[in-house]
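The structure appears below as structure tokens.
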Amino acid sequence: MDQRDVAGHYAEIAAEYDEHWVYGPTYVPWMSARIAEALSLSSADRIADIGSGTGLFAREVSRVVRPERPILCVDPSEAMLRRISARPSPFLTPVLASAEDVADMRTTLPYDELDAVWLKESVHHVADPGATLRGLAQRLSPEGRLLVVMLPTTIQYPLFRAALDRFEELQPDPADITGHMERSGVEAQLFHVEHELRLDRDKYFAMVRARYMSLLSTFSDSEIEKGIEEMRAAHPEPVLVFPDRFAFVLGVQQGGER
């Protein structure tokens with residue numbers, strides 16, 4: 001998708017975004033804990049969530065870490081950031097900007113340096129990941145950490161075939177992101193985490209119809225409905241059980257501690 005399509009997609013789903021991404025009571029705490037663990041977060045860290053959306057994960061991370069300074073929730077969608085303002089927290093500060101804006105220094109942040117930055121499932125929206133990750137790495141403190149959380153190049157979601165094929169066409173390779181990290185001057189490592197999802201079938205179909213993944217906004221209404229019929233035939237079971245596997249690409253400034 002181009003940036004106009006991305007902006008339109010998130011403006012349309014902002015009001016229902018948290019509902020679609022919660023999955024169940026354990027998902028957000030699980031993912032937030034993995035992010036905090038990978039970044040070795042402490043309350044003293046200056047933290048930014050790049051592509052934060054509604055702050056769903058930043059809010060949970062803040063609950064666990066209790067940062068001394070607010071987590072910067074950076075996102076180019078005003079509609080998404082308004083959801084943070086609707087539930088104000090002393091631990092979260094919305095910042096209207098893209099990853100590129102932060103990387104290119106076009107946006108002034110409240111902190112001169114950042115100790116920990118994460119991008120969760122947003123790197124595929126970045127036009128030039130190498131340049132953007134290099135710019136973000138340059139905003140890190142001497143022991144700063146940069147984490148990209150992304151899906152692998154293939155997924156086992158119970159989606160319709162055309163959506164799975166398109167995902168494989170468009171999804172960046174975590175190995176390439178690791179290479180970009182290394183060329184940015186940070187020590188990089190790639191590892192994976194996995195969480196089992198159990199979703200009511202009709203709820204998942206409703207999420208697909210609402211285009212909970214940005215990928216799904218590349219399909220027309222009729223294509224989505226045809227895809228759901230395909231999914232309905234392939235999955236008669238009332239509860240869908242499937243793995244949600246993520247690649248974590250962690251970069252640590254040279255001389256920093258993991």
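Where a number appears in this text, it was derived from the coordinates with a stated rule and is not lab data. Computed from a prediction, not measured in an experiment: that's the story for all the values here. No Cβ is skipped: glycine too gets one built from the backbone with ideal geometry, and neighbour counts run over all protein chains shown.
What separates the Cα centres of segment 111-149 and segment 194-258 is a distance of 25 Å. Looking at Leu216, Gly185, His125, which one has the Cα that reaches farthest to the positive end of the dipole of segment 104-258 (charges on Cβ: Lys, Arg +1; Asp, Glu -1)? Toward the positive end, the furthest listed residue is Leu216.
With a Förster radius of 45 Å applied to the C-beta separation of Tyr111 and Phe242, the computed FRET efficiency comes to 0.70. Within the listed set Glu121, Glu225, Glu237, the residue fluctuating most in the Gaussian network model of the chain (springs between alpha-carbon atoms under 10 angstrom) is Glu237. Local charge for Ser89 was computed over the other residues whose Cβ lies under 10 Å away, with Lys and Arg +1 and Asp and Glu -1, and equals +3.
Note down the relative contact order for the chain as a percent, whole number, built from C-alpha pairs under 8 angstrom at least six residues apart.
Reported as a whole number, the value is 21 percent.
Once C-alpha pairs closer than 8 Å and six or more residues apart are averaged by separation and normalised to the residue number of segment 56-154, the relative contact order reads 24 percent. Summarising the label geometry, the points placed 7 Å from Cα in the beta-carbon direction at Val64 and Lys226 lie 4.2 nm from one another. Summing Cβ point charges (Lys, Arg +1; Asp, Glu -1) relative to the Cα centre of the chain gives a dipole of roughly 560 debye.
Semi-axes of the equivalent ellipsoid of segment 35-80 are 19, 10, 9 Å, computed as sqrt(5λ) over the eigenvalues of the C-alpha gyration tensor in descending order. Mean separation of Cα pairs under 8 Å and 6 or more residues apart, divided by the residue count, gives segment 129-235 a relative contact order of 32 percent.
Springs between Cα atoms under 10 Å define the GNM used for the chain, and in it the highest mean-square fluctuation of Leu39, Leu146, Leu215 occurs at Leu215. For the chain, a Gaussian network of Cα nodes joined below 10 Å ranks Thr218, Thr178, Thr26 by mean-square fluctuation, and the top entry is Thr26.
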